[in-house]
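Trainee: Below are the structure tokens for one structure; questions will follow.
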Amino acid sequence: MELKIEKSGKKQAGTMSVADNVFAAKFNEPLIHQVLVSYMAGSRSGTKAQKSRSEVRGGGKKPWRQKGTGRARAGTIRSPIWRGGGVTFAAKSRDFSKKINKKMFRGAMRSIFSELVRQERFVCVDEFDVSESKTKLVKDKLDKLGLKEVLIITEGLSENLYLGVRNIPKVDVMDSNEIDPYSLIGFEKVLITQAAVEKVEEWLS
């Protein structure tokens, strides 16, 4: 299929040929949902952390002899019934990650890219960069393309572009090696450079 290229840099607008199996694939909603759930679950981190009696420091020596002291027998000062001891049923961080095969992940990404193209939310440009790390330069470029809420994907993320995008609300930028399904569907439009499209096509073909 032919993908339209908008003019953003010095090159002229035109078209580029892309693989149908990457940018014109069938929409597979169940697969996309499964991959999204897996991605979001993998982003979760456990917040619980308590120590059991085996993890608390010290307590190797018996506090006092078994008999003759008048006190209750004790084998360690790290017993759960002692102050400063371990917790009986210590809470531990859970691993929320869900396994997804590479084939399934790539299939979902192909489906997402294809749906973005069908919905005209996929904007391809010849290049996208700024000479200085100024927010105004990036904003002016986006205004010329008529974009407000957008994810910018480039083949090589420059420091100037990264710093220029930081203060613009509802706009984010990432390298083509860092593309994830959650970011792709979370923005109104996806702006991608021609070089990044070629890299994505090579990855998903």
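The values are calculated or read from the model by the stated rules, or taken from the named source; none is laboratory data. Small disclaimer: the values here were computed from a predicted structure and weren't measured. Cβ atoms come from the backbone with ideal geometry, glycine included; neighbour counts cover every protein chain shown.
Trainee: Given the criteria of a type in the set (Ser, Thr, Tyr), more than 30 Å from LEU142 (Cα to Cα) and part of a loop (DSSP other than H, G, I, E, B), does SER52 qualify?
Mentor: Details: of a type in the set (Ser, Thr, Tyr): yes; more than 30 Å from LEU142 (Cα to Cα): yes; part of a loop (DSSP other than H, G, I, E, B): yes.
Against the criterion (of a type in the set (Ser, Thr, Tyr), more than 30 Å from LEU142 (Cα to Cα) and part of a loop (DSSP other than H, G, I, E, B)), SER52 qualifies.
Trainee: Which condition number does LYS62 fail, the rest of (1) over 29 Å from the mean Cα position of the chain (by Cα); (2) under 30 Å from ARG121 (Cβ atoms); (3) not hydrophobic (A, V, I, L, M, F, W, C) being met?
Mentor: So the condition that LYS62 fails would be (2).
Trainee: A follow-up question, please. Taking the criterion of being among the hydrophobic types (A, V, I, L, M, F, W, C), over 13 Å from CYS124 (Cα atoms) and touching a Lys or Arg at 6+ places or on another chain (Cβ under 6 Å), would at least one residue in the range 156-164 satisfy it?
Mentor: Of all residues in the range 156-164, those among the hydrophobic types (A, V, I, L, M, F, W, C) come to 157, 161, 163.
Retained after the next criterion (residues that are over 13 Å from CYS124 (Cα atoms)): 157, 161, 163.
Now restrict to residues that are touching a Lys or Arg at 6+ places or on another chain (Cβ under 6 Å): none.
The answer is no, given that none of the residues of the range 156-164 is among the hydrophobic types (A, V, I, L, M, F, W, C), over 13 Å from CYS124 (Cα atoms) and touching a Lys or Arg at 6+ places or on another chain (Cβ under 6 Å).
Trainee: Right, something else. In this structure, is LYS148 under 17 Å from the mean Cα position of the chain (by Cα) and under 22 Å from ILE179 (Cα atoms)?
Mentor: Working: under 17 Å from the mean Cα position of the chain (by Cα): no; under 22 Å from ILE179 (Cα atoms): yes.
So LYS148 does not fit the description; no.
Trainee: Same structure, new question: Checking ARG106 against (1) outside any loop (DSSP other than H, G, I, E, B); (2) exposed (fewer than 12 other Cβ atoms within 10 Å of the Cβ): exactly one of these is not met. Which one?
Mentor: Going through the list (1) outside any loop (DSSP other than H, G, I, E, B); (2) exposed (fewer than 12 other Cβ atoms within 10 Å of the Cβ), ARG106 breaks only (2).
Trainee: Also, quick follow-up: I'm trying to understand the selection: among the residues of the range 39-49, which are surrounded by 13 or more Cβ atoms within 10 Å (Cβ to Cβ) and out of contact with any helix residue (DSSP H, G or I) (no Cβ under 8 Å at 6 or more places or on another chain)?
Mentor: Just the residues of the range 39-49 that are surrounded by 13 or more Cβ atoms within 10 Å (Cβ to Cβ), to begin with: 39-42.
If the condition is that a residue be surrounded by 13 or more Cβ atoms within 10 Å (Cβ to Cβ) and out of contact with any helix residue (DSSP H, G or I) (no Cβ under 8 Å at 6 or more places or on another chain), then ALA41, GLY42 are the ones that fit.
Trainee: Considering (1) out of contact with any Lys or Arg (no Cβ under 6 Å at 6 or more places or on another chain); (2) surrounded by 16 or more Cβ atoms within 10 Å (Cβ to Cβ); (3) free of Cβ contacts under 8 Å to residues at least 60 places away in the same chain, say which one LEU147 fails and leave the rest.
Mentor: Every condition holds for LEU147 apart from (1).
Trainee: Then there's this: Name the single residue that is farthest from SER97 (Cα to Cα) among those in the range 24-49 being modelled with pLDDT of 90 or more and not in a helix (DSSP H, G or I).
Mentor: ALA24
So that you can scan it fast, the table gives a plain yes or no per residue for (1) in contact with a Gly (Cβ under 8 Å, 6 or more places away or on another chain); (2) of a type in the set (Lys, Arg):
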| residue | (1), (2) |
| --- | --- |
| PHE113 | no, no |
| LYS134 | yes, yes |
| LYS141 | no, yes |
| VAL171 | no, no |
| MET174 | no, no |
| TRP203 | no, no |
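Trainee: Among the numbered conditions (1) surrounded by 14 or more Cβ atoms within 10 Å (Cβ to Cβ); (2) free of Cβ contacts under 8 Å to residues at least 12 places away in the same chain; (3) not in a loop (DSSP other than H, G, I, E, B), tell me where TRP82 comes up short.
Mentor: (3) is the only condition that TRP82 fails.
Trainee: A follow-up question, please. So which of LEU191, LEU163 ends up being more than 16 Å from the chain's Cα centre (by Cα), under 22 Å from ILE5 (Cβ atoms), surrounded by 15 or more Cβ atoms within 10 Å (Cβ to Cβ) and of a type in the set (A, V, I, L, M)? Talk me through it step by step, then tell me what you get.
Mentor: Details: LEU163 fails: under 22 Å from ILE5 (Cβ atoms).
After ruling out the rest, the residue left standing is LEU191.
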